[in-house]
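K.L.:
I'd like to ask you about the structure that follows.
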Amino acid sequence: MGAKRLDGKALGLKIEARLAERVAALKDAGVEPHLAVVLAGNDPASHVYVRNKQRACERCGIKSTRIDLPNDVSQDQLMQVVMDLNADDSVHGILVQSPTPTGTDELEITAAINPAKDVDGFHPVNLGRLVMGQTDGLLPCTPAGVMQMLNDAEIDLVGKKAVVIGRSRIVGMPLALLLAQKGIDATVTIAHSRTEDIADICRSADLVVAAVGRPATVKADWIKPGATVIDVGINRVADESRENGSRLAGDVEPAAAEVAGHITPVPGGVGPMTISMLMTNTVRAAEANF
Ligand code: NAP
């Protein structure tokens, strides 16, 4: 029997519909939630991501402002834009689209954002709160989206074995912390490019999360029958049958769907959830500011 597909697109839209009600209440009280998105350079994927985020803002009734900067923007110029947005009381959320152009320091830019407006959840203060077990603040969007999907599917992780493949600052590491937090109570293994016997580690897991960035890294025979598989990866792979010669693929081999109990599709899985969590953070930031 095939795995149940966890539909991130449908869940994301449901979350956004609930957010629209909170946005309306804020507007009634005279506050217009406002997200500022800084897009520096001409990375085509970044342009697509930003457009999708702006569309989500429209669905929720959130005001969005896009600040376009050239590819040769300097670190000082980018920092100044962030400072100006920090000082602008009408802006509740600031997002600087990653990657920033070569020669700029993304970590320094992230750290310059007012933590109360850090709707990406990457500021050291917000990541630090997460390490301290405080999960009621601005959480990194992709890990928060994964947790929402698991919760919505009523997947009980208490005492269960979870493997997170990937240890990045934006996905793998914060997600491992969220899975291990009190109340969720998974027993978490963090795997990465230097992990030995990764297939065996996965085979013992009730939950496998792939956040690697390489197509079909996780094989079907790594999955324990009935396990939950969350595929965070977004990879562009060649596909001659498509008009543009390519398509999106996850980090998990498609045949894993024949073994798993639950699995997220790519596209339509974690991606839309990430955006709905960005909207959630923006509304939270506006409510906290109110
Ligand atoms: P990243 O910063 O490049 O991290 C990748 C992680 O994978 C690293 O920890 C790396 O290990 C590990 N890794 C690489 N090759 C491996 C292998 N063969 N076996 C095991 N581990 C391996 O990437 P990221 O930013 O976390 O993103 C990961 C993927 O998620 C990408 O495809 C990205 O596009 C996607 N993503 C999706 C969303 C969404 O909304 N769906 C959001 C963000 C990212 P080392 O640490 O040892 O190098």
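Taken together, the values in this text are just the output of simple stated rules run on the coordinates, not laboratory data. For clarity, every value in this text was computed on a predicted model and none was experimentally measured. Neighbour counts run over all protein chains shown; Cβ positions are idealised from the backbone, glycine included.
K.L.:
Return the residue satisfying two criteria in turn: it lies in the range 110-149 and is part of a loop (DSSP other than H, G, I, E, B) and of a type in the set (Val, Ile, Thr), and of such residues it is farthest from Arg284 (Cα to Cα).
P.N.:
The qualifying residue farthest from Arg284 (Cα to Cα) is Ile113.
K.L.:
Continuing with the same structure: Which condition does Leu248 not pass, out of (1) more than 9 Å from the ligand (Cβ to nearest atom); (2) touching a Gly at 6+ places or on another chain (Cβ under 8 Å), if it passes all the others?
P.N.:
(2)
K.L.:
Next up: Regarding Gln77, is this residue free of Cβ contacts under 8 Å to residues at least 24 places away in the same chain and polar (S, T, N, Q)?
P.N.:
Criteria met by Gln77.
K.L.:
Residues of the range 162-178 being touching an Asp or Glu at 6+ places or on another chain (Cβ under 9 Å) and more than 12 Å from the ligand (Cβ to nearest atom), which ones?
P.N.:
Across the range 162-178, the qualifying residue is only Ala162.
K.L.:
Is it the case that some residue within the range 193-215 is away from the ligand (no atom under 12 Å from the Cβ), touching a residue at least 24 places away in the same chain (Cβ under 8 Å), out of contact with any strand residue (DSSP E or B) (no Cβ under 6 Å at 6 or more places or on another chain) and not in a loop (DSSP other than H, G, I, E, B)?
P.N.:
Among the residues of the range 193-215, not one is away from the ligand (no atom under 12 Å from the Cβ), touching a residue at least 24 places away in the same chain (Cβ under 8 Å), out of contact with any strand residue (DSSP E or B) (no Cβ under 6 Å at 6 or more places or on another chain) and not in a loop (DSSP other than H, G, I, E, B), which makes the answer no.
K.L.:
What is the residue count in the range 158-189 for residues that are within 21 Å of Thr217 (Cα to Cα), surrounded by fewer than 19 Cβ atoms within 10 Å (Cβ to Cβ) and either without any contact (Cβ under 8 Å) to a residue 24 or more places away in the chain or not polar (S, T, N, Q) (or both)?
P.N.:
Count: 3.
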